[in-house]
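Here's the structure, in C-alpha cells; my notes come after.
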Amino acid sequence: MAKIALLGHGVVGTGVVNIIATKAEKLFKETGEKIEIKYILVRHDYDVDYKEKFITDFSIIENDEEIDIVVEAIGDTEPAYEYVKSALKKKKSVVTSNKELVAKYGYELMQIAEEKNVNFIFEAAVGGAIPIIHEVRNCLKANNVNSISGILNGTTNYILTRMIEEKMSFDVALKQAQELGYAEADPSADIDGIDTCRKICILADIIFKNHIYPENVYTQGIRKVRLEDVDILKSIGGCIKLLGIARRVDKCKIFIITSPFVVFNESILSATNDVFNAVQIETDNAGIMSLYGRGAGSLPTGSAVVNDIVECVLNKGKTIYHGWNTENKYLLVDHTEVPMRFYVALDESYEKIKDIFEDIKILCAEEETVFITSKLTLKSLNEKLNNVKVKSVLRVLD
C-alpha cells in the first residue's frame, strides 16, 4: 500500500481527494498497490466525511515512516518550501502543483531528490491537465527543442477572449472574470504576467537544462491592451494573446519573455479561447506540435497530480527525472536586441512618420496611424519612436 500525505485542502487538494476516491480500482490496476491518503494537513476545518484525516502539525507527516509520498497543494513558497525540502530529506517523494515553488527552488529541490533517490515531480505546475512537462521530458528525446510558446494562464486568456469576442474593455472583462471565479480579488499575478513567467521558466529549465529565475525574465502583462487594437487586429485575422516564449538563439543562447503578442489565425494559439491553455513546440526533427486543454480547475489539475503520484508509486526508491544546472545569466539574451516584427499604433499622421519607417504594412491611417513593421530590434524601434506620440506597441509572433 502506498500511503500519502496531502498538504492543503483547497481547489487542487479536494480534486486529488476526489480522484483517488473515485478512481481507486483503476489506480490499483495501474500500480498494483492501493493508494491511500493517510493525512491531510489543513489550516481550517472543513465539513467533509473524511475529517479524521485532518491534522495541523506537519511534523506528524515528516516523522511517519509509512508516508511514501507528500503532495504539496498549499501554494506560495512559505511554508511550502520548508515542508517540501524536509519531506525530500526524509526520503519521501514529493508531488506539487506549485509553480512559484518550482520556478524559485526547482534546482535545489531536484538536487535533494536525486541525493535521496526519491522524486520531485510537478506536472500540474504548468498547464493543469495538459501533459506538457511529460511531453518535453519523455517524448522528444530524439529532438532538440528550438522553441516553446504557450498560453499558460486561463485568467488572462478569458479576459482577452471577452475583449475580442464581445468588445468588452479590459476593466469590464476583468470584473466579469472575478465574478465567475476565474480571477482573484487581487489578480496581479495573472494580469501582470507573473504566473505565465513562472511557468515558461519551468519549461525552459527542463528544455535548456539551466535554472532561469523569473525575476531575470522580461515580463509584461495585459493591463495596457487597448480595445482599439483588438478591433483592428480582428479585422485582419489577428488577435492578442499573453504568451510565455522560450527560444534558442545562436545555438547557445536563450531568448525568454512573457508579453502580449499579436497572433494570426494560422496558429493554434490564435484559436485557444476562454480559460483554455495551449502550448506550441518547435523541434528540429519532429517539427511543430501543439498541446491544448484545461489549464486549471480542481479535477483537471488534480488529474495531473494523481498521475504524478502513480509515477512515484511505480518508481519507488529511484529518481526518474533528473534536474538541471544552476543559473547561468550569460545564456540569456537581452530581449531588446532580438529582431521581430512589431504592431505599432501612433497618434501621428502617416505623412509625419513615413520617412521614419520603411517597409511597413499600414493597417489604419485615419485617427491613428497603425502598422506592422518588418523585423527589427526593440532597441532600434524605440530609437525610431523617440519623437512621436505612441499609443501601442505589441510584439508579433512569427
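List the residues, sorted by chain then number, that are 5 or more residues from Asn210 or on another chain and whose placed amide H is less than 5 Å from its amide H.
Counting only residues 5 or more places away or on other chains, the set is Asn325.
Where a ≥ b ≥ c are the square roots of the eigenvalues of the C-alpha gyration tensor, would you call the stretch 78-168 rounded, which needs a/c under 1.5, or, failing that, prolate if a/b is larger than b/c, or oblate?
oblate
Quick one: 3J(HN,Hα) in Hz for the stretch 35-45, Karplus 6.51/-1.76/1.60 with θ = phi - 60°, rounded, Gly and Pro as x.
Working through the residues one at a time gives 9, 10, 7, 8, 10, 10, 7, 10, 9, 10, 7 Hz.
Suppose R0 equals 45 Å. What FRET efficiency, 1/(1 + (r/R0)^6) with r the Cβ-Cβ distance, do Glu25 and Asp284 give to the nearest 0.05?
Given R0 = 45 Å and the Cβ-Cβ separation, E is 0.60.
Which residues' amide hydrogens lie under 5 Å from the amide hydrogen of Ala183, considering only partners 5 or more residues apart or on another chain, with H built in the peptide plane?
Under 5 Å from the amide H of Ala183: Gln178.
I want to check the label-to-label distance for Lys85 and Glu228. Put each point 7 Å from Cα in the C-beta direction and report it in nm to one decimal.
Distance between the two pseudo-spin positions: 5.0 nm.
For the stretch 118-131, what does the Karplus curve 6.51 cos²θ - 1.76 cosθ + 1.60, with θ = phi - 60°, yield as ³J(HN,Hα) per residue in whole Hz, taken in order and with x for Gly and Pro?
10, 10, 10, 10, 8, 3, 6, 6, 10, x, x, 7, 6, x
5 Å is the cut-off here: which amide hydrogens, built 1.01 Å from N in the peptide plane, fall below it relative to Leu363, excluding neighbours closer than 5 in sequence?
Counting only residues 5 or more places away or on other chains, the set is Val370, Phe371, Ile372.
Using a 1.4 Å probe on the protein chains only, how many percent of the accessible area of the chain belongs to carbon and sulfur?
46
So what's the angle, to the nearest 10 degrees on a 0 to 90 scale, between helix 154-166 and the longest Cα principal axis of the chain?
40
Kindly write out, for the stretch 270-275 in residue order, the coupling ³J(HN,Hα) from the Karplus curve 6.51 cos²θ - 1.76 cosθ + 1.60 (θ = phi - 60°), rounded to whole Hz, with x marking Gly and Pro.
5, 8, 8, 10, 6, 8
Between the helical axis of 170-179 and the dominant principal axis of the chain, each derived from Cα atoms, what acute angle in degrees is found, rounded to the nearest 10?
Taking Cα atoms only, the helix is inclined about 20 degrees.
Run the simple label-point estimate for Asn143 and Phe264 please: 7 Å along Cα→C-beta, distance reported in nm.
2.3
Return the percentage of antiparallel bridges among DSSP beta bridges fully within the stretch 207-299, rounded to the nearest 5 %.
Details: 19 of 21 bridges.
Approximately 90 percent, going by the DSSP bridge assignments.
What is the extension gain from Lys361 to Asp250, computed as 0.36 nm multiplied by their sequence separation minus the C-alpha to C-alpha distance, in nm to one decimal?
Extending this stretch completely gives an extra 37.1 nm.
With a probe of 1.4 Å, find how much accessible area the chain has per residue, and write the answer as a whole number in Å².
Per residue, the chain has 45 Å² of solvent-accessible surface.
From the P(r) of the chain, can you give the percent of Cα pairs sitting at distances over 34 Å?
Cα-Cα pairs in the chain separated by more than 34 Å: 33 percent.
Can you give the helix-only mean residue ellipticity at 222 nm for the chain, where every DSSP H stretch with n ≥ 4 adds -39500 (n - 2.57) and the sum goes over all residues, rounded to the nearest 500 deg cm²/dmol?
Helices in the chain give a 222 nm mean residue ellipticity of -10000 deg cm²/dmol.
How large is the translational diffusion coefficient of the stretch 269-337 in µm² per second when you combine the Kirkwood radius over alpha carbon pairs with Stokes-Einstein at 4 °C and 1.567 mPa s?
Reported coefficient: 80 µm²/s.
Rounded to the nearest 0.05, what FRET efficiency is calculated for Glu383 and Glu52 with R0 set to 41 Å and r the Cβ-Cβ distance?
0.05
The values are calculated or read from the model by the stated rules, or taken from the named source; none is laboratory data. Everything quoted here is computed from the prediction, not taken from an experiment. Counting neighbours? That spans all protein chains shown, and the Cβs are built from the backbone with ideal geometry, glycine included. The accessibility values were calculated without ligands, DNA or RNA, using every heavy atom of the protein model including side chains. Shrake-Rupley method; radii C 1.70, N 1.55, O 1.52, S 1.80 Å.
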